[in-house]
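The values are calculated or read from the model by the stated rules, or taken from the named source; none is laboratory data. Keep in mind it's a predicted model, so treat the numbers as computed, not measured. Neighbour counts run over all protein chains shown; Cβ positions are idealised from the backbone, glycine included.
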Amino acid sequence: MSFSLNDLPLRDDLKGQSPYGAPQMDVPVVLNTNENPHPPSARLAKALAEAVAETALDLNRYPDRDAVRLREGLAAYLGHGLTAAQVWAANGSNEVLQQILQAFGGPGRTAMGFEPSYSMHPIISRGTGTAWVPVPRDADFRVDVEAALAAIEEHRPSVVFLTSPNNPTGTAVDIADIRRLAEAAPGVLVVDEAYAEFRREDTPSAVTLLDDHPRLIVSRTMSKAFALAGARVGYLAAHPAVVDALQLVRLPYHLSAVTQVVALTALDHADELLGAVDDLRAERDALVAWLRGHGFAVADSDANFVQFGEFEDRTSVWRAMLDHQVLIREVGPPGWLRVTVGTPQEMAAFRTALLAATGR
């Protein structure tokens, strides 16, 4: 008997949808998922192994349900006088975002975002039964604040997502504009700062606005700058009342003991792990200059990736790059591609492949 997805009692709003996911392919140069290209050092790998081995002796017991030590460490890392009561952690920033929507979204409620942006925002909204309202960015992929304020006034969303630096474009939002949106949002404003560490020097974080805006939530991750994509650690900073709300929807023991100790060990080695950020920024800026010098359009980037174009047939360019053993991402607005900033050797391979793929 044949049986397929269509034979299941799937929710109507999920029928015909596709799961999120970037291609995973075994090629020499992988530049499509915004990972940090620098693995942990041997010294850090040894420290991680020792910490996990010690934790393994107690794996018959449940982990700290509230991850208090980890939250204390994350608060200290963020600074600005934050305490553990103002920080929450989960399995990657995606679970953080899901818990926010479980607590503040849901049937009869609306979430809003400024597109093109992170595609998981509407996907998680749909999964939680929250209506999604997209608001277009301007031609330079920046948030038109006046249009955003008008959309907020019209739709009165329970959750507003603002990604800074934005994914896939890399553009950051001015702190004064974030403040205006926080003042206007009737529900919670979620500033998704997954790529915060890669911003240009002296660019303030939305964390600086928390004292004056109790409905502001700043989401972060250890996947990017901390080079811990495989550990799945996301977190947020907010008013303690927001953290209390998220504990109403979090699953019991949602963050494993192994995950917690790996994240704590990484925080103890933050200087080493973040040491490559300056190099990646410099590599990004050099890539932007090179792309523009060869006639490509490039979005201004404050992240560890660059969006470039414009192509009449971006799929053919993506495939040609893959033929040259370089995997980048076909994502974002039509005509554009995105490349993660890698090592100097990887970027050299990217440049060679791009020139060959486009005949320049």
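Quick rundown of the values:
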| item | result |
| --- | --- |
| From the options A276, A289, A245, A266, residue that is under 21 Å from the mean Cα position of the chain (by Cα) and either free of Cβ contacts under 8 Å to residues at least 60 places away in the same chain or under 20 Å from E72 (Cα atoms) (or both) | A266 |
| Restricting segment 309-321 to residues that are modelled with pLDDT of 95 or more and crowded, with 18+ Cβ neighbours inside 10 Å, the residue that is farthest from P23 (Cα to Cα) | F311 |
| Pick from segment 217-240, criterion in contact with a Lys or Arg (Cβ under 9 Å, 6 or more places away or on another chain) and over 16 Å from A303 (Cβ atoms), ranking: surrounded by the fewest Cβ atoms within 10 Å (Cβ to Cβ) | H239 |
| Test: L251 is without any contact (Cβ under 8 Å) to a residue 40 or more places away in the chain and not small (G, A, S) | yes |
| Selection status of A266, at pLDDT 95 or above, part of a loop (DSSP other than H, G, I, E, B) and surrounded by 14 or more Cβ atoms within 10 Å (Cβ to Cβ) | no |
| Test: A89 is among the small types (G, A, S), part of a helix (DSSP H, G or I) and more than 24 Å from P157 (Cα to Cα) | no |
| Counted residues, segment 21-54 - those being without any contact (Cβ under 8 Å) to a residue 40 or more places away in the chain, under 30 Å from Q307 (Cα atoms) and more than 23 Å from the chain's Cα centre (by Cα) | 1 |
| Residues that are of a type in the set (K, R) and either under 16 Å from A303 (Cα atoms) or in contact (Cβ under 8 Å) with a residue 12 or more places away in the chain (or both), drawn from segment 316-360 | R329, R338, R351, R360 |
| Any hit, segment 19-39, residues being modelled with pLDDT of 95 or more, assigned to a loop (DSSP other than H, G, I, E, B) and among the aliphatic types (A, V, I, L, M) | yes |
| Of the criteria (1) surrounded by fewer than 20 Cβ atoms within 10 Å (Cβ to Cβ); (2) at pLDDT 95 or above, which one N167 fails | (1) |
| Condition met for G275 (at positive phi and not hydroxyl-bearing (S, T, Y)) | no |
| Lone unmet requirement of (1) on the phi < 0 side of the Ramachandran plot; (2) aromatic (F, W, Y); (3) part of a loop (DSSP other than H, G, I, E, B) for Y253 | (1) |
| Lone qualifier among L59, L74, L70, L48 - being surrounded by 11 or more Cβ atoms within 10 Å (Cβ to Cβ), outside the structural domain of R329 (by TED's automatic domain parsing) and not in a helix (DSSP H, G or I) | L59 |
| Test: residue in segment 60-83 that is touching a Leu at 6+ places or on another chain (Cβ under 8 Å) and within 17 Å of V188 (Cα to Cα) | no |
| Filter pass, V133 being buried (at least 22 other Cβ atoms within 10 Å of the Cβ), of a type in the set (V, I, T), touching a strand residue (DSSP E or B) at 6+ places or on another chain (Cβ under 7 Å) and not in a helix (DSSP H, G or I) | no |
